[in-house]
């Protein structure tokens with residue numbers, strides 16, 4: 001759902017809009033929790049998700 005929401009926000013409001021950034025930050029927090037709980041294998045293989053995961057695990 002985060003991905004769908006982000007894609008809609010990117011298209012309608014742009015990547016730098018405050019609302020887009022809020023959802024993006026919430027998605028980052030969600031991914032951090034998934035990493036912490038060792039449940040990464042349950043996530044989507046979507047390229048954007050994988051890109052964010054790589055940035056968080058460096």
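Please treat every number below as a calculation from the coordinates, not as lab data. Just so you know, these numbers come straight off a predicted model, no measurement behind them. In this analysis, Cβ positions are derived from the backbone assuming ideal geometry, glycine residues included, and neighbour counts consider all displayed protein chains.
Residues of region 35-56 that are out of contact with any helix residue (DSSP H, G or I) (no Cβ under 7 Å at 6 or more places or on another chain) and in a helix (DSSP H, G or I): 36, 41, 42, 47, 50, 51, 54, 55.
Taking first residues from region 4-24 that are touching a residue at least 12 places away in the same chain (Cβ under 8 Å) and partners that are in a loop (DSSP other than H, G, I, E, B) and surrounded by 12 or more Cβ atoms within 10 Å (Cβ to Cβ), the Cβ contacts under 6 Å between residues at least 6 apart in sequence or on separate chains come to 20/13. Scanning region 1-34 for residues that are in a loop (DSSP other than H, G, I, E, B) and exposed (fewer than 11 other Cβ atoms within 10 Å of the Cβ) yields a total of 3.
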